[in-house]
Amino acid sequence: MTAARRREMQAPAIVFVVGLATILGAWGFELIGGYAPCKLCLEQRVPYYIGLPVALVALLAAAAGAKVTVPRMLLLVAGLIFAINVYLGGYHAGAEWGWWAGPSDCGATGDATTSATDILAELETITVVSCTEVQWRFLFLSFAGWNVVVSLFLVAASLWGAFRPVAGATDEGSAAPPQDSWATGRGWSGR
């Protein structure tokens, strides 16, 4: 494996590993820690479910030696997906801090019951999780706040990987394109 290929794999690998650790952490807090997610918490997981496969495909494309534009475009898509998560997490954190109202439909939902006995039995087992109440904080940030921080990092890493100079580019003011760029084969000779 060439150094240029390893270099192109760095950003997708970082985005994939950090994103995967984040969503596994969310699942761990829910399944092991007993923190029930609210509606907004579950919505914030969707960009991970979409963005992580995109980052994985970018990583596999870079590892396979695809043209650098393929993993870079996929990283750009992943960055945009995680940017949506910055908004979702910011909205949720703002609702938790009371800066704006949370969604009116954030609470328990379930199947319709038909009898009073069923309603009473169901009320004993329902746990209503509000989107505006913080279940856990660490360094003054809730789960939603930390999601914003991680999502900002994922956006930055994706954009860094998508827009950084191509391996082999010269920094000496030369107009010569790198050998693995879009200019190769188009008759552009830099000097």
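Quick note: the coordinates plus some simple rules give every number you see, no bench work behind them. Since this is a predicted model, take the numbers as computed values, not measurements. Counting neighbours? That spans all protein chains shown, and the Cβs are built from the backbone with ideal geometry, glycine included.
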Seminar exercise, completed: Between residue 69 and residue 17, the FRET efficiency computed from the C-beta separation at R0 = 22 Å comes out, to the nearest 0.05, as 0.45
Seminar exercise, completed: Ranked from fewest to most other Cβ atoms within 10 Å of their own Cβ, 117, 22 fall in the order 117, 22
Exercise. Between segment 1-24 and segment 46-84, what is the C-alpha centre distance in whole Å?
Worked result: 10 Å
Problem set entry | Sorted by Cβ neighbour density within 10 Å, fewest at the top, the residues 14, 32 | 32, 14
Seminar exercise, completed: Listing 100, 146, 160 by rising number of other beta-carbon atoms within 10 angstrom, fewest first, gives 100, 160, 146
